[in-house]
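To start, the structure itself, in structure tokens.
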Amino acid sequence: MCNIRFHCLASTALLVVVSTANSEKEFEVTPQDGWFNNLIHPDWGAIDGHLLRRSPAAFSDGVYEPSGKDRPNPFIISKEVHDGPAGLGSLRNRTAFLVYFGQQVVEEILDAQRPGCPREFFNIPVPPGHDYDLERKGNIEMPVQRTRYDQRTGISPNNPRQQLNEITPYIDGGLTYGTSKAWTDALREFKDGPLRGRLAALDPYADIKDSFPAQNSIRLPMANPPPPREHELKPVKRFWKLGNPRGNENPFLLTFGVLWFRWHNYIANKTATEHPKYTDEEVFNIARKFVIAHHQKIVMYNWLPTWLGLDENLEKIHEIPPYKKRPNDTIIFDSYDPNVHPGIAAEFQSAAMRFGHTLVTPGTWIRDKKCEFKKLKLDIPGSPSNVHALRLCNSFWNPQEFLSKPNALDELIMGLTSTLSEREDHIVVPDLRKHLFGPLEFSRRDLIAINIQRARDHGLPDYNTIREAYGLPRRQAWEEINNFTFSNGTLYMKEPINNLRRVYGNTSKPDNVDLFPAGLLETTPEGVGETFRTIILDQFLRIRHSDRFWFENTKNGLFTEDEIQEIWNVTIYDIVTKVTHIGPDDIQRNPFLLTDSPCPQPKQLVADGNDTFNDTDNTLVIEQCTPLKHFDYFAGSHVSFVLTFLCLGLCVPIAFGVLVFLAKYREKSKRQTSIQNETRKEDPGTFLMAEWTSPKDGERKVKTIFDLARMKIHIMDRHKRPLRMIDLRRTTGKVHVRISDDKNRTLISIRVPGEIDLVLRFVDEGYRDEFLNELEKFLQNISVDIERHFFSEAIILKEAETKENRKKLLDKVFRVICMQAFKESYERLSLQLDNKLANDISRVQLTRTEFADALGLRNNSVFVRNMFLMVDKDKNGFISFHEFMDMFVILARGNAAEKARFLFNMNDFKGQGYLTREAFGKMIKSILDLSDSSLSDDQVNQLIDTLYSQAGLRDTDNINFDSFKKIFASDEYEQIFEHATLQLDGRAKSEQLSKSFSFRRQTFFDGISHDDHNTASPQATLSRRKSRVTIRTKQKEQPKTKWEKRKSACFHWMENFRLQIFWLTLYILVTIAIFVERAYYYSYEREDSGLRKIAGYGVTVTRGAASVMMWTYSSLLVTMCRNTITFLRETFFHRFIPFDSAHAMHKIIAFIALVFTVVHCIGHGINFYHISTHASVDMNCQFTEYFRATDVLASFHYWAWQTITGLTGIGLVLIVIIMYVFALPYARRHVFRAFWITHNLYVLLYVFMILHGLGRLVQDPIFYYYLLGPLVLFVLDKLVSVSRKKIPILVKKVELLPSDVTALTFKRPLNFEYKSGQWVRIACPKIGENEYHPFTLTSAPHEEHLSLHIRALGPWTTNLRKTYDLNNRGDKSHPMLYLDGPFGEGHQDWYRFRVSVLVGGGIGVTPFASILKDIAHKSKIGTKFPCEKVYFLWVTRTQKQFEWLMDIIQEVENEDKRNIVSTHIFITQFQQKYDLRTTMLYICERHFQKIAGRSLFTGLKATTHFGRPEFVDFLQSLHYEHPDVKQIGVFSCGPPPMTLTVEAACSEVKQYEGFPSYQHHFENF
């Protein structure tokens, strides 16, 4: 303990001892913050010390809840007890000078009124009918906030709440110099010469008597409430710099601040003159110690006795005991005593020292030396222009307005000495009781009500308990409170005491009465009553005897005996006369009393009266107070609040609009570029344009060709595929052309009798006119009249006869045909026929184009032409309803022989009864033409030879019907051919058709189930097929009920995705836990912060959502670590973690992040509304990092647009909107570059999130807790990629393949190890070195080089094709590539399953190209791997699009010695399977397959099918083909519809008991 004390003393000496080499002696400077004033108890008397309690704490809950909950409303007490007639002067001649000097005494030792943080409102309800309830709402409350307290207290009854005194309780110059070194330094001049040791002044060189403190240009944090007169906030820099932060409250208090400021400079000037060698610091400290000593003497020995009591002769009743105890004194204090605590008593702060409120005047007279009471000019709306007195209520927080005028300070001081204070009674003037300043929302308040409420806030007990605590007897009756009686026998406080008793319930004795009203009613004309006097005297004596630096303490070394005597001789009169121009005779020697005043006041000031100065001067003495005003803190934020959230909300549709615009613009630019770049053919009758088909379908790019020889107009797509045809050979009427005459004049409509309108849009008007001229010439050449009409574009489109309208009618036609063909009822076909509709149907005539559409064929095919010519019996160029009906009956209900006869007659259009070899060959070619298959003449002859051999014909023989029937309607194909029909929209209603479809599916997949393409002989195939039939007789154990099916499907789904379900569930549970933990923390554990009380549970939701956002956005980085995932999936971890689902998990996490982002934004909208409706000053303690001037309201736009948290929050919302909108599948398909650019905004996303937290709006940053780990992993992962992808890779070979496919072969980097099915990211520096795109490798791991096959679909892939096009490069070498990868995905696991199914759609076959090569290589060298069988299903519109893949399949077939791969190719350009023409293709294919052992169309051993595969049946068949396999891997890659179909098939098959588990892995493009 001794060592500790020694160190404390040593530290104190170092801090506060001033060594002055040139001074006569050394002295210890009075500590500014009170620390170590008491060396034994260093914290006694320090700033932020506890208010002491002599009486026990009486909190209602014993801990912190305010006391007095059962006591009356303070407003009622104020009104009933402390209201009374105004203008009653002091009975003991006390002056206003005494009263306002008392206020600066309080400001010197006590400051415990600042509200706590967080704010705790202890509002006082305004009673009905009160003046504050201006609109008589009945629900008004006057705002009162509980004061600051030590947050280490208020925890239990043993540790109740303790309020704090923010300044020192000593009279140590805090009023003049502040309570901290930094504050004092801000007040000083810090200059040598004549300004040494002085406080800074407005004019440093002005005479001291005319000087004022410097302007607060540095904005010291002084109290700055809004002046209630103007009811607006003003800048704090308008104040003068003082040590007292509240020193500018009113001009009277400021006057004393200026006096002490001048007095310091007066002494400093004197000291500097007497000691020219003293430094600035020495002069300042000497002046400071004398100012403090003078203040101590005047307060303790001049002011306090006058304050406590005066008799009728104005003699002091209560002399202050001497500093040193005399032998006969009963006082316990003697000189300096370190065991005396100087702390301010709660009873003193909350009640006793507030006695002065009854003495406060409503203002003061202003006079000069000649006793002339001045007129004051007013600039207050509704008030007189001149008055004689300075009104207190209208001067709050506007002190400089008066004092800055010439001679104002002197005249104000003289006025204070001439103004009699209010009477020593219970009445308080309206300036305090009604018109005290308040916050903006409540500009006028009742100080008496606040006094009572403050005592309750501090947990003071009742009046009698406090008397007892101070050693005074309890009052046993109300009358005992004050028994002072005038000479006439009248009790001084009889009526007020009766009012007090009535208000408190007419109890028998004052046991449950608040201290302030009861203590104030003890007041007598002499002064303070017994209770308050005891408390006040005890407080000041403790201050005096506990202060080691008190001027009378000769042991502190501050003053000599002579200096102490000199201090005793200084009075406030001396100070006033030495620092002002007031002469010795201008005021009385004792300014505290009006006695001997040279200029007594003309009359007592009367508040809220209409008194004039005198009969000759009608000027009002004093004006009225401005009324109460309220304020809406949200005012001015309405527009910014609405616009901010409206604009942010509109950013979503705007982003979508920009996305669609970019997509449309790119499509339009591409279309226009293709039109401009595409040269016209040699045929001058070819034109390029867009055809408008319907409002629903919009436009499509087409070509039109005028076929003069055949008198037809052909409409084709840009690849010359026919779309429709207009036959004009039998046109008798006019062709009407409607031409647009508005907008860009680029639209025309061509109407031909019997045809739907042809609506065309051209690039420009000139090109349209060129087409019209060509059309007119064409029609003239074929003798068809043309008539032009001009309409607006809107009318042309509105009145156009579209295919959609025509289709509705044809749909009814086909339903009627089905009805009659299959003898169905109208009701079964959901068709209601009336006479008009029946007539329309009977008159329908189909064009060749509509006939082809009905069959699902091209209108320019030979097959369609032959059938159309045969069905068109009347040869009018159209097929009537009855002609179509006759054809349909044969094809729908005829047997195999009848259908064969139909086809035979269709090709024997000359009726010869036979087909020549040439005609038969043309028929075969017309069938092949339907599939985009073009066989050479040798291949066609080979097929004909095969079919002739099947029919037993010689090469030169003609084919009659019997031979034709042997080929296409033999026993093997009779059933298939019998069920071949036309595909019409109305067919599905027929039960017979349904049965036929069922049969066809069965026979179709019987063919798919066999691996006959790898079998050398037909006998082997038949043997396997027989064995196969035996296997398929096994019964399926299927769930019986719908519920059991769903249950089974659910169990199978859970079994297959158990790892994904586990990790996703775990992640969601962690996410929920994070949200709940933060929500609970801010709802309960941070309840003391007060933020939830302000913003409600919105802050709970937003903080929970914010933490979830930190967690999810950080988690996204883990899913982006491609290299790490690729590495880990090859370890044993892949058995526990589904790494292949990283991309899906990325999307799920992103969705969760988006949901909580929306919740966070909505919650902040609510929070910011609540915050913006509260006083700005109240928000300061909630958001301590956000400093702003006290005159600046923290509106919504401040929080949103002027803080780092708000700005980054708005930025984050915009980034999220842009990233998420442009991450949609639509964006990736149409504007991939925009997706790539916007997705790279993730860097800004994380930067903004870090900055968002650095603002510390609510809490310290915690984002790094979540981000640090994932970020380190992501950066390391990126470094691995960077180390690879910035190395230029040499491109060895480039091939521009059909269907816009670019084949790149490039050098394989050293140590580049990969597996088949993996993918890489490449960038072409020539296009953009930082723009990487993912592609699957088509090379196999054993190959020397890497290869990619890239289809030009988007802008980047199109540019890549152009870049590597030899025509664009000339003799230059191939541009280099940057490579990043490889990266793993599910396809690379094909070898892990005994049976694997590979399904590729279109360009989606690229990952399987690598796998097939790998299988061929492994099979060739005899490598063993778990996979025993691979089924490769290639679904493509036409095999001609991917010739490069055919080579790979050919290689696999040649090298697959173990027959591992079974390949099936599905050509999907046909609408349906097993219609008439597909049946013939199927039969031709099977004949050719049997004889040649390879496909007629592909030249491969792989089986070729027509139409789309039925994946459910196929997967079922695998179970019977491989009954002992428990798990089958299914890998699909292609467009989403295909992969979704595969997924649905896997899910459906999983329902069946005993079936294997189908593990589906898919990728979309």
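Odds and ends about this structure:
- Of all residues in the stretch 1033-1044, exactly one satisfies the criterion of being outside any loop (DSSP other than H, G, I, E, B) and at pLDDT below 70, namely GLU1037.
- Within the stretch 1365-1414, being among the hydrophobic types (A, V, I, L, M, F, W, C), open to solvent by 10 Å² or more (accessible area, probe 1.4 Å), over 43 Å from the mean Cα position of the chain (by Cα) and modelled with pLDDT of 85 or more holds for one residue alone: PHE1393.
- One residue stands out in the stretch 1415-1438 among those that are closer than 24 Å to GLU1295 by Cα and open to solvent by 10 Å² or more (accessible area, probe 1.4 Å): the one that is modelled with the lowest pLDDT, namely ARG1437.
- The residue that is nearest to THR1190 (Cα to Cα), among those in the stretch 367-394 that are buried (at least 23 other Cβ atoms within 10 Å of the Cβ) and not hydrophobic (A, V, I, L, M, F, W, C), is ASN394.
- ALA206, sole failed condition from (1) free of Cβ contacts under 8 Å to residues at least 24 places away in the same chain; (2) open to solvent by 40 Å² or more (accessible area, probe 1.4 Å); (3) not β-branched (Val, Ile, Thr): (2)
- Listed by first and then second residue, the pairs with beta-carbon distance under 7 Å, at least 6 apart or on different chains, first residue in the stretch 1226-1254 and among the aliphatic types (A, V, I, L, M), second buried (at least 20 other Cβ atoms within 10 Å of the Cβ) and not in a helix (DSSP H, G or I), are ALA1234/PHE1222.
- Just one of the listed residues (SER55, SER78, SER67, SER60) is open to solvent by 10 Å² or more (accessible area, probe 1.4 Å), of a type in the set (Ser, Thr, Tyr) and either under 16 Å from GLY519 (Cβ atoms) or at pLDDT 95 or above (or both), namely SER60.
- Selection within the stretch 1045-1067 - hydrophobic (A, V, I, L, M, F, W, C) and either in contact (Cβ under 8 Å) with a residue 12 or more places away in the chain or farther than 30 Å from TYR1097 by Cα (or both): ALA1049, CYS1050, PHE1051, TRP1053, MET1054, PHE1057, LEU1059, ILE1061, PHE1062, TRP1063, LEU1064
Yes/no per residue for (1) of a type in the set (Val, Ile, Thr); (2) surrounded by 14 or more Cβ atoms within 10 Å (Cβ to Cβ); (3) free of Cβ contacts under 8 Å to residues at least 40 places away in the same chain:
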site: MET300; (1), (2), (3): no, yes, no
site: PRO305; (1), (2), (3): no, yes, yes
site: LEU314; (1), (2), (3): no, yes, no
site: HIS318; (1), (2), (3): no, yes, no
site: LYS325; (1), (2), (3): no, yes, yes
site: GLU347; (1), (2), (3): no, yes, no
site: SER350; (1), (2), (3): no, yes, no
site: MET353; (1), (2), (3): no, yes, no
site: THR364; (1), (2), (3): yes, yes, no
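- Single match in LYS1315, LYS1326, LYS1278, LYS1307 (criterion: surrounded by fewer than 18 Cβ atoms within 10 Å (Cβ to Cβ) and within 21 Å of SER1410 (Cβ to Cβ)): LYS1307
- Residue pairs meeting the criteria (Cβ under 6 Å; at least 6 apart or on separate chains; first over 13 Å from VAL1397 (Cα atoms), in the stretch 1508-1520; second polar (S, T, N, Q)): ARG1508/THR1468
- Selection within the stretch 249-269 - closer than 14 Å to LEU202 by Cβ, open to solvent by less than 10 Å² (accessible area, probe 1.4 Å) and in contact with a strand residue (DSSP E or B) (Cβ under 8 Å, 6 or more places away or on another chain): LEU254, VAL258, PHE261, ASN265
- The residues on offer are HIS1164, HIS1197, HIS1174, and the sole one that is crowded, with 16+ Cβ neighbours inside 10 Å, of a type outside the set (Phe, Trp, Tyr) and outside any helix (DSSP H, G or I) is HIS1174.
- Residue pairs meeting the criteria (Cβ under 7 Å; at least 6 apart or on separate chains; first within 28 Å of ILE140 (Cβ to Cβ), in the stretch 616-635; second of a type in the set (Ser, Thr, Tyr) and open to solvent by 20 Å² or more (accessible area, probe 1.4 Å)): GLU623/SER383; GLN624/SER383; TYR633/THR1173; PHE634/THR1173
- Each residue in the stretch 167-203 was checked for being open to solvent by less than 30 Å² (accessible area, probe 1.4 Å) and part of a helix (DSSP H, G or I), and 8 pass.
- Restricted to the stretch 323-360, and to residues there that are under 57 Å from the mean Cα position of the chain (by Cα) and part of a loop (DSSP other than H, G, I, E, B), the residue that is nearest to LEU593 (Cα to Cα) is VAL360.
- Taken as a whole, the condition of being at pLDDT 95 or above and touching a Pro at 6+ places or on another chain (Cβ under 6 Å) applies to VAL503.
- Taking the criterion of being in a helix (DSSP H, G or I), open to solvent by 50 Å² or more (accessible area, probe 1.4 Å) and modelled with pLDDT of 90 or more, the residues of the stretch 1207-1238 that qualify are LEU1207, LEU1214, ILE1218, TYR1220.
- Any hit, the stretch 1472-1482, residues being modelled with pLDDT under 85, surrounded by fewer than 20 Cβ atoms within 10 Å (Cβ to Cβ) and in contact with a helix residue (DSSP H, G or I) (Cβ under 9 Å, 6 or more places away or on another chain): yes
- Taking (1) open to solvent by 60 Å² or more (accessible area, probe 1.4 Å); (2) in contact with a Pro (Cβ under 8 Å, 6 or more places away or on another chain); (3) in a loop (DSSP other than H, G, I, E, B); (4) not charged (D, E, K, R) in turn, PHE1187 satisfies each apart from (2).
- Top-ranked residue in the stretch 1118-1161 [being part of a loop (DSSP other than H, G, I, E, B) and among the hydrophobic types (A, V, I, L, M, F, W, C); ranked as nearest to GLY649 (Cα to Cα)]: MET1120
- Condition check for LEU91: touching a Leu at 6+ places or on another chain (Cβ under 7 Å), open to solvent by 10 Å² or more (accessible area, probe 1.4 Å) and in a loop (DSSP other than H, G, I, E, B): no
Yes/no matrix, rows are residues, columns are (1) assigned to a helix (DSSP H, G or I); (2) polar (S, T, N, Q); (3) in contact with a helix residue (DSSP H, G or I) (Cβ under 7 Å, 6 or more places away or on another chain); (4) within 30 Å of ARG475 (Cβ to Cβ):
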residue	(1), (2), (3), (4)
ASN498	yes, yes, no, yes
ARG501	yes, no, yes, yes
ASP538	yes, no, no, yes
LYS578	yes, no, yes, no
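- ASP764, sole failed condition from (1) open to solvent by less than 50 Å² (accessible area, probe 1.4 Å); (2) modelled with pLDDT under 85: (1)
- Filtered by the rule that a residue be of a type in the set (A, V, I, L, M, F, W, C) and either part of a helix (DSSP H, G or I) or open to solvent by less than 10 Å² (accessible area, probe 1.4 Å) (or both), the stretch 1519-1561 gives VAL1525, ILE1528, VAL1530, PHE1531, MET1538, LEU1540, VAL1542, ALA1544, ALA1545, CYS1546, VAL1549.
The values are calculated or read from the model by the stated rules, or taken from the named source; none is laboratory data. From a predicted model like this one, the values you see are computed outputs, not experimental measurements. Note: ideal-geometry Cβ built from the backbone for every residue, glycine included; neighbour counts use all protein chains shown. These accessible areas exclude ligands, DNA and RNA; they are computed on the full protein's heavy atoms, side chains included. Shrake-Rupley method; radii C 1.70, N 1.55, O 1.52, S 1.80 Å.
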